[in-house]
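The values are calculated or read from the model by the stated rules, or taken from the named source; none is laboratory data. Bear in mind that the values here come from a model prediction, so they are computed numbers and not experimental data. Here the Cβ is made from the backbone with ideal geometry for all residues, glycine too, and neighbour counts use every protein chain on show.
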Amino acid sequence: MNNQEEIIIDGEVVSGTFSSRAPKVKLNPFRLLFRDSILFLIFKILLLFVFVGSVVFAFWSKIAGGVLLVIALLVTVTIWRYISLRRVEFQNAVLCPGIVISQKPPTLLILADMSCGGTKQPIWGVKMENCTSLKPFRSNVGQRIPCVTAFQGSGYGGSWDQMVSSSLTSGTGDKEKLTEAMSRLDDEEEWQILEFAIQQKRFPEIGKTLKL
């Protein structure tokens, strides 16, 4: 299957949500590990439990050490499940526009259509996300960045409740794929809506979703 076929054939996401503009990006889990602040925090907790558990098991109590190592195993499973879900999102969720609104740390405002259930008119939502890095893109204010968004909620009233968004650069550094993604974000109206939201300072709290 060539790259063009991968782009054309979109798929289903979690809970049967269908994306007509999927990123089709293969997630690099190690890149995500160091660029996703939540995942990196969980990873550091894992290392702590492994280290302390191993020391306790070897020098103090095998029972207590065993308990800590079991907890470490459960954290590992949590990380694996999180990466597995993000892998699906980077393949089949919604490719959407993001614009840098701050350099330190690099902060994106991301736009997505939150409508569902056959709603004809788009219901625009924005989410603000801090990033550790946007390379290979520059993090200059106003820089356009390809992003990916999945949704959470009941869909009651024809709209999802929350956006789950991130920059595509957190999952891949492949310049060809990122350039390809940018070229597919060719609806200038979406960029204009996002730029207008920035001009009006329609900024939600980090981790929250704001419907425009």
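Figures for the structure shown
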item: Looking only at region 70-115, and only at residues there that are in contact (Cβ under 8 Å) with a residue 24 or more places away in the chain and among the aromatic types (Phe, Trp, Tyr), the one that is farthest from Lys211 (Cα to Cα); result: Tyr82
item: Qualifying position, being at pLDDT 90 or above, within 19 Å of Asp161 (Cα to Cα), hydrophobic (A, V, I, L, M, F, W, C) and in contact with a helix residue (DSSP H, G or I) (Cβ under 9 Å, 6 or more places away or on another chain), among Leu95, Leu85; result: Leu95
item: Condition check for Ser133: over 20 Å from Ala22 (Cα atoms), modelled with pLDDT under 90, surrounded by fewer than 23 Cβ atoms within 10 Å (Cβ to Cβ) and within 15 Å of the chain's Cα centre (by Cα); result: yes
item: Identity of the residue in region 99-123, in contact with a Lys or Arg (Cβ under 7 Å, 6 or more places away or on another chain) and within 17 Å of Ile206 (Cα to Cα), that ends up surrounded by the fewest Cβ atoms within 10 Å (Cβ to Cβ); result: Ile99
item: Residues satisfying the stated conditions in region 135-175, i.e. of a type in the set (Gly, Ala, Ser), more than 17 Å from Asn28 (Cα to Cα) and not in a loop (DSSP other than H, G, I, E, B); result: Ala150, Gly157, Gly158, Ser159
item: Breaking point among (1) touching a strand residue (DSSP E or B) at 6+ places or on another chain (Cβ under 8 Å); (2) modelled with pLDDT under 90, for Gly65; result: (1)
